[in-house]
Amino acid sequence: MKLLLIDGHYYVYRSFFAIQNLSNSRGEPTNAIFGFTKTLRLMIKHLQPELGAVFWDEGLPEKRMILQPAYKETRKEMPQPMVPQLDYIQGQLTALLGFKNISLPNTEADDLMGCYALAACKR
């Protein structure tokens with residue numbers, strides 16, 4: 001079985017900063033939406049997964065913060081023009097592309113992806 005696990009925030013940020021000055025007819029930024037869609041469609045085309053999911057960060061793990069208090073302390077807040085695009089991507093777009101959204105409170109996407117990958121290997 002081919003399983004495609006995607007770190008959603010990574011590709012949203014990557015798309016947002018890689019594609020500049022793209023907006024719809026109302027002037028709303030669409031650069032992250034466009035890049036995210038293009039990237040996932042290319043993944044689907046080339047990898048042809050049977051199953052797939054998009055994983056999202058939903059806070060920082062408490063254990064990691066205890067061990068590394070400075071973890072991600074230099075990370076800047078999400079740029080305001082990205083917020084509505086992220087909402088649209090999470091709320092509608094991933095499902096339209098055939099993916100489920102997966103997240104857990106106080107868990108980063110890559111940690112959750114690792115758990116899913118290990119579970120898939122055991123099947």
request  = Using the charge dipole of the chain (Lys, Arg: +1 at Cβ; Asp, Glu: -1 at Cβ; taken about the Cα centre), state which of I102, M43, F55 has its Cα farthest towards the positive end.
outcome  = M43
ask   = What fraction of the DSSP beta bridges in the chain is antiparallel, stated in percent and rounded to the nearest 5?
value = 20
remark   = Nearest-0.05 FRET efficiency for S25 and L118 at R0 = 41 Å, using Cβ-Cβ distance, is 0.35
key: Segment L104-I44, extension gain: residue separation times 0.36 nm, minus the distance between their alpha carbons   = 19.1 nm
request  = Give, rounded to the nearest 20 debye, the magnitude of the charge dipole that the range 3-121 has about its Cα centre when Lys and Arg contribute +1 at Cβ and Asp and Glu contribute -1 at Cβ.
outcome  = 360
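No value in this document is a laboratory result; all are computed from the given coordinates. These figures come from a predicted structure and were not determined experimentally. Please note: Cβ atoms are built from the backbone with ideal geometry, for glycine as well, and neighbour counts cover all protein chains shown.
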